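K.L.:
Sharing a structure here in structure tokens format.
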Amino acid sequence: MSAAVNNNVENHDDHHHHKETFITKWVFSQDHKMIAKQYFVTGVLVMGVIGVLMSLLFRIQLAWPEESFSVFEIFLGDRWAPDGVMDPNIYLALVTIHGTIMVFFVLTAGLSGTFSNLLIPLQIGARDMASGFLNMIAYWLFFISSVIMVASLFVEAGPAAAGWTIYPPLSALPQTQPGSGAGMTLWLVSMAFFIASSLLGSLNYIVTVLNLRTKGMTMFRLPLTIWAFFVTAIIGVISFPVLLSAALLLIMDRSFGTSFFLSDIFVQGEVLHYQGGSPVLFEHLFWFLGHPEVYIVLLPALGITSEIIATNSRKPIFGYRAMVASILAIAFLSTIVWGHHMFVTGMNPFLGSVFTFTTLLIAIPSAVKAFNYIATLWKGNLQLNPAMLFSIGLVSTFITGGLTGIILGDSALDINVHDTYFVVAHFHLVMGISALYGLFAGVYHWFPKLYGRMMNKTLGYVHFWITAIGAYGIFFPMHFIGMAGLPRRYYTNTAFPYFDDLADINVLITVFALITGLAQLIFLYNFIHSMYFGKKAEKNPWKSNTMEWTAPVEHIHGNWPGKIPEVYRWAYDYSKPGKKEDFVPQTTPIAKGEKITEH
Amino acid sequence: MTVLLSIIAVTLLAISVWQITKIFEISNLGAKKDDSQVASEKDNDLQGKLMFAFLVFIYLVTIYSFVSYTKVLLPESASEHGYTYDTLLIISFIIIFIVQTVTQALLHYFAYKYRGINGRKASFITHNNKLELVWTVIPAIVLFALILYGMTTWSDIMNFDEDEDALVVELYAQQWNWKARYAGDDNVLGDANVRFLNDFDGRNSVGIDSSDPNGLDDVVVTQEFHLPVDRKVIFKIRSQDVLHSAYMPHFRAQMNCVPGMITEFSFTPTTTTADMRLNPDVVAKVNRINKIRYDNSQELIAKGEEPLEPYQFDYLLLCAKICGASHYNMQMKIVVESEKDFNKWLNEQKTFSEVIQ
Ligand code: HEM
Ligand SMILES: [Cu+2]
Ligand SMILES: [Cu+2]
């Protein structure tokens, strides 16, 4: 704790005397605010656009299979779309890279990287991350990872195409599909950099939250955003190394002839030498990360939502301690539910029962969170700005998507919907769309903190409503085509006349996807335009209690001029009786005779 | 086509943006134009109402989907355990609906009801232990009941006995087709391994060990396989290259095919193919499909191409695990018929010893 004390008493200028050059300010910056922006631009603005574009391409293919489209030729070239007809291998590659980019690059690095970096120091009252240098390294590893992933799109035999889950043997043997050659190698190398970046970033977040909180900022006075980022970082540190080991073993099987995941294989007329390995082992290792990853994506979004819903309801978050407890419960349980992705892999049926049990247990803290959000709105005075709309939207899609988890998490019921479009519908709503809403909510809310300006409200509203309608329009019907028996990752459904009557639904979904995808341009425009021409922001535009709004609008090195403010109360004294204003910043001392809020 | 579509999509988008922007502008009329994000009372009013409208939208989407998409769902189960499966599914869905309807209503109604008014103060409520206990315990109880039900169903399905009189069938997956192997008169599958695949100039298509006497009477079939109705079938599932998944949706059955390992699944078919073709839901579905195929055929004929063949219902074995380029087209027909017809069909097939002669 001594670090925390030091951090406070020091006057910042006393010990930092370095000159800023263009390179250290804009490129190799160690300032958490600049690094946050770098994550956003790389993860969301660049990778996100690529990921969404890919989904639009394969959605067009699914709606009008066998037709020729010049957009395919433009984006995929002659090799992968001769005469504008998409090749099945590139379809699988698009799905794979779309999934990888959305889950890891946009919603892990883009979301956590942006907001953990921006908010952890500012909301706990620290000058910067514990190690600005490691933080910078983490970003640059992520940057390298992104460059490699994008480069993999251009290799001769095509990018990785074994699904974002890269199950061997498909991912291990180039003889089984072209994407498992150089494309898969680059995928694995890219992910190795990604994992290294994520680990460095997470360790930094953990250490910073534990050691650099300002005076008075006890753990139970932390805003829920910080709790979410903190616990997310812990889950990441626990689970990402397992993915790294899976990737390393896979690299060995691919390049050095080992048989960790391979056995008794015959391809293209040849018996391969592999003996004794098992793909099921890979599945265990993958999902030991893969499931927690869902919460790595989701918890930060929920943390952001907690903060925004409380602020804009002008009301304390309902059940602060229950919220913290459910974050912790979800974090713990998330590490023992991975087997629900493996009910029909040939795993022992008894294990199936165990994982059903743990999986349905995790529904309880998730339900508690949803109820607490609803209760926070109750009797509030809601400020329905775009950030608030996206937060409410998150709760809505989180419920809709989460409820079908009751079916997928139940081993018996999973048998017939596993690997169908029902799963695609479920996880997009509960994880993809929800986390994306969290991301948007965060941007609208903290844009003034990022760029010192306000975003355009009207465009924000338009963006929300098109996206909200589109999200249900895209993913709700997918439940039905899944329950009709349509497996996922199918290049076209026309090989089965049995699925002919799903064609209309597929067209409808694609039309919604195109509209929704294009509507994101509104957001891009609003973001970039407001960066330069937005209205200048006030210091505390949302009348919020948290500490970041006590820092000057202009970014300065060290966040606060002079001493770091001290904290006297929790973050949610909104509309406290006896106060003139409907908010009391954490830095306001307890007045004479004021009762400390019990929470 | 592309051009047309892009134009339609862009136009639709442009129109909706323009419309919505206008609505907001009109509703802001008179107010000082402030397009920063801080919501005015007017914004709160409009957005709160839209939130309520969105609740209606969610309900409408749900109702519409159920009314018009229920018909595409799978027909009633054609296997014994499938009935339990369907019951459990329906119960789970009822619970989901109740919770979905109520929580979405509360969420959006509160967003509407408590939309901000300048000068009003929100209630200062931090927590309520009793309430929180209630909404922790109730889901817990419901989930525990579901877990118990699910677990018993699951273990009934998965922990089947290896009865003497069950029919043993091997499903064999490779990129990108299926084969099925019957155990022959001894009802024991001969040993097999990918090492034997190149024996007999490739005629040993699932790699049976020719030195194992149990294998000589085995029968390997492609394209379609038959099952006798009302007799338990035990599937032994293999793959020779990558992961596949043997998915038989009409029987509520799925199990992955894992190279280097034999996985198992078992069910008892209860409805013959002929009977299923008479099921009203199936009849309606087939008619719809044939109408679509007829329309598409007209287009094809106009272009001077071959028309599509009319469709007739069959049970299907599909692949549900990504396995490479033709994953989308890994299919095998399943025919369920009387024991007598089944035996007749099986006797017409060549045994392994005949094939390798
Ligand atoms: C415009 C929005 C989006 C559309 C239209 C879309 C559409 C789809 C579709 C149709 C598939 C399944 C393809 C198949 O199985 O053949 C898919 C796969 C996937 N999507 Fe999206 N998606 C969108 C956004 C997102 C977001 C925000 C995420 C973030 C989590 C995401 C993550 C994934 C993942 C993980 C997969 C699985 C990839 C795989 O099967 O390996 N998507 N997407
Ligand atoms: Cu999971
Ligand atoms: Cu497959």
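Each value in this text was obtained by applying a stated rule to the coordinates, not by laboratory testing. What you see is a predicted model, and the numbers here were worked out from it, not measured in a lab. When we count neighbours, we look across all protein chains shown, and the Cβ atoms used for this are built from the backbone with ideal geometry, even at glycine.
K.L.:
Tally Lys/Arg at +1 and Asp/Glu at -1 over every other residue whose Cβ is under 14 Å from the Cβ of A:ILE374; what's the total? Please report the intermediate quantities before stating the final value.
P.N.:
On the way: positive: A:LYS315, A:LYS369, A:LYS379, B:LYS113; negative: B:GLU132.
Surrounding charge for A:ILE374 is +3.
K.L.:
Can I ask one more? Sort A:PHE256, A:PHE261, A:PHE523, A:PHE583 so the one with the fewest other Cβ atoms within 10 Å of its own Cβ comes first. Can you show the working numbers first?
P.N.:
Details: A:PHE256 7, A:PHE261 27, A:PHE523 22, A:PHE583 19.
Listed from fewest to most nearby Cβ atoms, that is A:PHE256, A:PHE583, A:PHE523, A:PHE261.
K.L.:
Please work out the FRET efficiency for the pair B:ASP209 and B:GLU309, using the Cβ-Cβ distance as r and a Förster radius of 56 Å; give the result to the nearest 0.05.
P.N.:
On the way: r = 40 Å, r/R0 = 0.72.
Computed FRET efficiency for B:ASP209 and B:GLU309: 0.90.
K.L.:
Right, something else. With a point put 7 Å past each Cα toward its Cβ, work out how far A:SER131 is from A:PHE75 in nm, to one decimal.
P.N.:
4.0
K.L.:
Now for a separate question. Considering every residue in B:50-58, what mean count of other chain Cβ atoms within 10 Å of its Cβ is obtained? Before the final figure, lay out the partial values.
P.N.:
Working: counts 6, 8, 0, 1, 8, 1, 0, 4, 6.
Mean shielding count: 4.
K.L.:
Let me ask something additional. Comparing B:SER92, B:SER36, B:SER65, which has the greatest mean-square fluctuation in the GNM of chain B with Cα pairs linked when under 10 Å apart?
P.N.:
Among B:SER92, B:SER36, B:SER65, the largest GNM mean-square fluctuation belongs to B:SER36.
K.L.:
In straight Cα distance, which aspartates and glutamates are under 12 Å from B:LYS71, not counting same-chain residues fewer than 8 positions off?
P.N.:
A:ASP501, B:ASP281
K.L.:
Then there is this: Please get the size of the charge dipole for chain B, origin at its Cα centre, with Cβ charges of +1 on Lys and Arg and -1 on Asp and Glu, quoted in debye to the nearest 20.
P.N.:
Values: 31 positive and 43 negative charges, 551 e Å.
Taking the Cα centre of chain B as origin, the dipole is about 2640 debye.
K.L.:
For peptide A:67-74, how many partner chain Cβ atoms fall within 10 Å of a residue's Cβ, on average?
P.N.:
Across the residues of A:67-74, the mean count of other-chain Cβ atoms within 10 Å is 3.
K.L.:
So, one more: For helix B:2-27, what angle does its Cα long axis make with the longest principal axis of chain B, in degrees from 0 to 90 and rounded to 10?
P.N.:
Long axis of B:2-27 versus the principal axis of chain B: about 30 degrees.
K.L.:
Give me the inter-chain shielding for B:127-140: mean count of other chain Cβ atoms within 10 Å, whole number please.
P.N.:
Numbers: counts 12, 4, 3, 0, 5, 8, 1, 1, 10, 8, 1, 2, 9, 5.
Averaged over the peptide's residues, the number is 5.
K.L.:
What does the net charge come to around B:GLU164 if you take all other residues with beta carbon closer than 13 Å to its beta carbon, with K and R at +1 and D and E at -1? Working shown, then result.
P.N.:
Numbers: positive: B:ARG231, B:LYS232; negative: B:ASP161, B:GLU162, B:ASP163, B:ASP165, B:ASP186.
So the surrounding residues net to -3.
K.L.:
Here is a further query. Give me the distance between the Cα centres of segment A:468-530 and segment B:122-144, rounded to whole Å.
P.N.:
Cα centroid of segment A:468-530 versus Cα centroid of segment B:122-144: 36 Å apart.
K.L.:
What is the order of A:LEU408, B:LEU216, fewest Cβ neighbours within 10 Å to most?
P.N.:
Values: A:LEU408 20, B:LEU216 17.
Arranged by neighbour count, lowest to highest, A:LEU408, B:LEU216 become B:LEU216, A:LEU408.
K.L.:
Moving to a separate point now. Counting pairs of alpha carbon atoms under 8 Å apart in space and at least six apart in sequence, what relative contact order in percent does chain A give? Write down the numbers at each step before the final one.
P.N.:
Numbers: 995 pairs, mean separation 97.4, N = 599.
In percent, rounded to a whole number, it is 16.
K.L.:
Under the classification rounded if a/c is under 1.5, otherwise prolate if a/b is larger than b/c and oblate if not, where does segment B:41-166 fall, given a ≥ b ≥ c as square roots of the Cα gyration tensor eigenvalues?
P.N.:
Here segment B:41-166 falls in the oblate category.
K.L.:
Right, next: Over segment A:273-424, what relative contact order in percent results from Cα pairs under 8 Å that are six or more residues apart? Before the final figure, lay out the partial values.
P.N.:
On the way: 134 pairs, mean separation 45.8, N = 152.
Over segment A:273-424, the number comes to 30 percent.
K.L.:
Now for a different question. Report the paramagnetic label zone for B:ASN129: residues of segment A:290-328 whose backbone N is under 15 Å from a point 7 Å from Cα along the Cα-to-Cβ axis.
P.N.:
A:319-322
K.L.:
May I pose another question? Would you please name the trypsin sites (Lys or Arg not before Pro) within segment B:261-321 that are DSSP coil residues with at most 13 other C-beta atoms within 10 Å of their C-beta?
P.N.:
Working: sites: B:ARG277, B:LYS285, B:ARG288, B:LYS291, B:ARG293, B:LYS303, B:LYS321; in loops: B:ARG277, B:LYS303, B:LYS321.
Those that pass, being in a loop and sparsely packed, are B:LYS303.
K.L.:
Any idea which of B:TYR114, B:VAL258, B:THR103 is furthest toward the positive side of the dipole for chain B, if Lys and Arg beta-carbons carry +1 and Asp and Glu beta-carbons -1?
P.N.:
Toward the positive end, the furthest listed residue is B:TYR114.
K.L.:
Helix B:41-69 versus the longest principal axis of chain B: what angle, 0 to 90°, nearest 10, using Cα atoms?
P.N.:
The answer is roughly 20 degrees.
K.L.:
Give me the lysines in straight-line cross-link reach of B:LYS236: C-alpha distance below 27 Å, same-chain residues under 8 apart excluded.
P.N.:
Within the straight-line cut-off, B:LYS236 pairs with B:LYS179, B:LYS321, B:LYS333, B:LYS340, B:LYS344, B:LYS350.
K.L.:
Which percentage, to the nearest 5, of the DSSP beta bridges contained in the protein assembly as shown is antiparallel? The partial results should precede the final answer.
P.N.:
Details: 33 of 47 bridges.
Beta bridges within the protein assembly as shown, antiparallel portion: roughly 70 percent.
K.L.:
Among A:LEU514, A:TRP80, A:PHE115, which residue has its Cα positioned farthest towards the positive end of the charge dipole of chain A, with +1 placed on the Cβ of Lys and Arg, -1 on the Cβ of Asp and Glu, and the dipole taken about the Cα centre?
P.N.:
Highest projection toward the positive end goes to A:PHE115.
K.L.:
Related question: Restricting to DSSP H runs of at least four residues, report the calculated mean residue ellipticity at 222 nm for the protein assembly as shown, -39500 (n - 2.57) per run over all residues, nearest 500 deg cm²/dmol. Write down the numbers at each step before the final one.
P.N.:
Working: 27 runs with 500 residues, N = 956.
Result for the protein assembly as shown, helices only: -18000 deg cm²/dmol.
K.L.:
If one computes the Cα centroid of segment A:400-453 and of segment B:287-357, what distance in Å separates the two points?
P.N.:
After rounding, the separation between the Cα centres reads 37 Å.
K.L.:
While we're on this one: Within straight cross-link reach of A:LYS535, meaning Cα distance under 26 Å, which lysines are found once same-chain residues fewer than 8 apart are removed?
P.N.:
Of all the lysines, those that pass the test against A:LYS535 - Cα under 26 Å, at least 8 places apart if same chain - are A:LYS25, A:LYS33, A:LYS37, A:LYS449, A:LYS457, A:LYS543, B:LYS22, B:LYS32, B:LYS33, B:LYS42.
K.L.:
Let me ask something else. Between B:ALA302 and A:LEU45, take the C-beta separation as r, use R0 = 51 Å, and let me know the FRET efficiency to the nearest 0.05. Intermediate values should be presented prior to the final figure.
P.N.:
Numbers: r = 46 Å, r/R0 = 0.91.
Taking R0 as 51 Å, the efficiency between B:ALA302 and A:LEU45 is 0.65.
K.L.:
Work out the length of the dipole vector of the protein assembly as shown about its Cα centre, built from +1 on the beta-carbon of each Lys and Arg and -1 on the beta-carbon of each Asp and Glu, and round it to the nearest 20 debye.
P.N.:
Working: 63 positive and 77 negative charges, 1195 e Å.
Computed about the Cα centre, the dipole is about 5740 debye.
K.L.:
Filter A:LYS369/A:LYS576; B:LYS49/B:LYS121; A:LYS215/A:LYS369 down to the pairs with a C-alpha to C-alpha distance above 26 Å, please. Walk me through the numbers on the way to the answer.
P.N.:
Values: A:LYS369/A:LYS576 23 Å; B:LYS49/B:LYS121 20 Å; A:LYS215/A:LYS369 29 Å.
Correct reply: A:LYS215/A:LYS369.
K.L.:
Can you tell me how much longer the chain between A:MET219 and A:LYS536 gets when fully stretched, taken as 0.36 nm per residue apart minus their C-alpha distance, in nm with one decimal? Don't jump to the answer; show the numbers that get you there.
P.N.:
Numbers: separation 317, 0.36 × 317 = 114.12 nm, distance 3.35 nm.
Net length gain for the segment: 110.8 nm.
K.L.:
I would also like to ask the following. Tell me which DSSP H helices of chain A clear both cut-offs, 30 Å or more of axial length from alpha-carbon atoms and a mean Kyte-Doolittle hydropathy of at least -1.0. Can you show the working numbers first?
P.N.:
Numbers: long enough: A:182-211 (43 Å, 1.49); A:224-255 (45 Å, 1.90); A:279-313 (49 Å, 0.98); A:349-377 (43 Å, 1.34); A:457-483 (40 Å, 0.97); A:503-533 (45 Å, 1.48).
Going by DSSP H runs, the hits are A:182-211, A:224-255, A:279-313, A:349-377, A:457-483, A:503-533.
K.L.:
If you take the Cα Rg of chain B and divide it by 2.2 N^0.38 Å, with N the number of residues, what do you get?
P.N.:
Values: Rg = 29.1 Å, N = 357, 2.2 N^0.38 = 20.5 Å.
This ratio for chain B stands at 1.42.
K.L.:
Roughly how far apart, in whole Å, are the Cα centres of segment A:297-337 and segment B:171-188?
P.N.:
One Cα centre to the other: 51 Å.
K.L.:
Among the trypsin sites (Lys or Arg not before Pro) within segment A:36-143, which fall in a DSSP loop and have no more than 16 other Cβ atoms within 10 Å of their own Cβ? The partial results should precede the final answer.
P.N.:
Details: sites: A:LYS37, A:ARG59, A:ARG79, A:ARG127; in loops: A:ARG127.
Within segment A:36-143, no trypsin sites (Lys or Arg not before Pro) qualify (loop, at most 16 other Cβ atoms within 10 Å).
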